[in-house]
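Note sheet for the following structure.
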Amino acid sequence: MQLTGLADRLMGSVSYIKPFDTESNLINIDTFSILQKNQTQFIKGCLYIGTISALPTIPPCTDAAFICVEDIPLPNIYEETKLLNLCILSNTSNQYEILSYISEIMNEEMRLALYMQKLLDVVYSNQGLQHLIDTAREVFGHPLLVRDTTYKVLAYSYDVGEVLSFQEDVNGDKYINEDTIAYIRNNNILAQTRSHELSHYVRKIEPLHIEGIEVAEIAVYEAGLQFNEIDFKLLDSFSRLLSVELQKTNLFNINKNLIPNYILADLLEKKFNDEDKINRRFHYLKWTKSKNLNIMVIANKKLGAFDSKIPFIIQSLKAFIPIHNCIVYKSSLVAFIDDSLINTLFHDTISEFLEYLKVNSLYAGVSLKFTKLSESRKYYLQALQASEIGQRYNMHLSHYEKCIKYIIADLISSHYDVVDFYHPAVIQLTKEDSENGTNLLETLKYYIYFTNSPNEASKALCIHRNTLFYRINKIKQLTGITLNNADEIFQIYISIKLFEINH
């Protein structure tokens, strides 16, 4: 194992005086030994444990590493050398106790390597996901389960039924039951798992990725047998191995017949203007058109690498949008969204869909509502522009109607110097804030934004209502603005937005 990893594990048990240098990061430790007094021969990759008094008189030039207890002060020659991987512990430590700690850590690493070799052998044997999970059950000693983003169970160990119940659909596919899904969602378990904020481990959950897209999840259940350090390290390595196995299988292949590319592509390319003709072709689609539709474009910043991710995005996106509503079009994913999906996807600021976009580094742009399918191309271009704006300003979900300020800024900057459009008051307040550390421009912004609610403005600024009015009066005196007509307010507010976009 790497020297710094071993040292980090050891740090919880002993007191350091001098840690290993950061340059020791890539030193691999294969074995360990007690440092003998007057020893002159050292093995590469060996960690020697002893006392300062046992160190050679002259520092050895070697790729070995040394952990020494401070029984005497470190000689100056060792203080000055930069070529030795040396760590000094306080004299409260005992080299034989350290040897015992190191032995435990190295034995654990050996067990981890043997476990992973056993799991690798199963992957190479091509016996499938279930066989890999059965073997993982023997290795972990805990029940475990793999499910996709729709909560469909892909594989599970024989004893998962003791801690979790399933439900089956008409095709006999197993899904996690509704109560468990509700628990996961209501307690925000997935977000906590991704950020490693879970304070206790009744189960350890690890997302599984293919091409950087989160496609599934493995859950390991404690089930009365407490997790230990090796379980967490093993799961971290096993999750990557499991992602490889998922990619090998046909679980994430797309049935091309389910995606009516030719019909939706014709709509996006405006090959048909006749609404009646479109509706006659519409029965080939496997979704029911509601009165209102939106188009959503999903892409990411690395367009060249996006095509390889699309099959896995479509598979994981099934948890939110019916696959029949989607089309792969010009290196992006285009979805037709009806009214029934609007609330689920967009109206909750902490929605699972928004979290899905963030963790997978995806950017969705959403068009205005429309009713005529013959106008699909116009609204596709709106969604595409919203997605591109989202990528530029790191907004994972962008609605076209909320992108107007960015579109205006682009139009202005393409023909003019944006600074020429700043209201003089904005320029003056920017200078005032810069020179005196004040917050006048932001105060003015929120005062205008919450025109009829100074209480909301003061709350957004975290100041008292009286402080708000004091600042506004000061702004009026400094700049000469009155804020009593719509034209002035509009010019100031659009200037503030242009300033923010360009800074």
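The values are calculated or read from the model by the stated rules, or taken from the named source; none is laboratory data. No experiment lies behind these values; they were computed from the predicted model shown. FYI the Cβ positions are ideal-geometry reconstructions off the backbone, even for glycines, and counts take in every protein chain you see. For accessibility, only protein heavy atoms count, side chains too; no ligands or nucleic acids. Shrake-Rupley method; radii C 1.70, N 1.55, O 1.52, S 1.80 Å.
Within region 250-276, restricting attention to residues that are among the basic types (Lys, Arg) and at pLDDT 75 or above, the residue that is surrounded by the most Cβ atoms within 10 Å (Cβ to Cβ) is LYS270.
To keep it simple, each residue is scored yes or no on (1) under 21 Å from LEU144 (Cβ atoms); (2) of a type in the set (S, T, N, Q).
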{"residue": "GLU80", "(1), (2)": "no, no"}
{"residue": "LEU83", "(1), (2)": "no, no"}
{"residue": "ASN91", "(1), (2)": "no, yes"}
{"residue": "ASN94", "(1), (2)": "no, yes"}
{"residue": "GLY128", "(1), (2)": "yes, no"}
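If you filter region 332-349 down to residues that are open to solvent by 60 Å² or more (accessible area, probe 1.4 Å) and part of a loop (DSSP other than H, G, I, E, B), you find that the one that is modelled with the highest pLDDT is HIS347. Among the criteria (1) within 19 Å of ASN91 (Cα to Cα); (2) touching a Lys or Arg at 6+ places or on another chain (Cβ under 6 Å), the one ASP71 does not fulfil is (2). When the residues of region 126-163 are filtered to those that are closer than 23 Å to GLN315 by Cα and among the basic types (Lys, Arg), the one that is most open to solvent (accessible area, probe 1.4 Å) is LYS152. The strands (runs of 3 or more DSSP E) found entirely in region 113-180 that carry 3 or more residues being modelled with pLDDT of 90 or more are 144-148, 153-156.
Criterion applied to LYS476, LYS459 was being over 19 Å from THR430 (Cα atoms), part of a helix (DSSP H, G or I) and not hydrophobic (A, V, I, L, M, F, W, C), and the one residue passing it is LYS459. When region 91-112 is limited to residues that are in a loop (DSSP other than H, G, I, E, B) and of a type in the set (Ser, Thr, Tyr), the one that is nearest to LEU234 (Cα to Cα) turns out to be SER93. Restricted to strands (runs of 3 or more DSSP E) entirely inside region 1-90, those with at least 3 residues that are of a type outside the set (Val, Ile, Thr) and touching a residue at least 24 places away in the same chain (Cβ under 8 Å) are 65-69, 85-89. Candidates are the residues of region 350-397 that are aromatic (Phe, Trp, Tyr) and part of a helix (DSSP H, G or I); the one that is surrounded by the most Cβ atoms within 10 Å (Cβ to Cβ) is TYR380. Out of everything in region 487-500 that is free of Cβ contacts under 8 Å to residues at least 40 places away in the same chain and open to solvent by 80 Å² or more (accessible area, probe 1.4 Å), what residue ends up being farthest from ILE404 (Cα to Cα)? My answer is ASP487.
If you check THR62, THR22 for being over 23 Å from LEU112 (Cβ atoms), at pLDDT below 80, out of contact with any helix residue (DSSP H, G or I) (no Cβ under 7 Å at 6 or more places or on another chain) and surrounded by 13 or more Cβ atoms within 10 Å (Cβ to Cβ), only one passes: THR62.
Scanning region 84-112 for residues that are more than 20 Å from SER33 (Cβ to Cβ) and surrounded by 12 or more Cβ atoms within 10 Å (Cβ to Cβ) yields ASN91, ARG111, LEU112.
Taken as a whole, region 285-301 holds no residue that is open to solvent by less than 60 Å² (accessible area, probe 1.4 Å), modelled with pLDDT under 75 and assigned to a helix (DSSP H, G or I).
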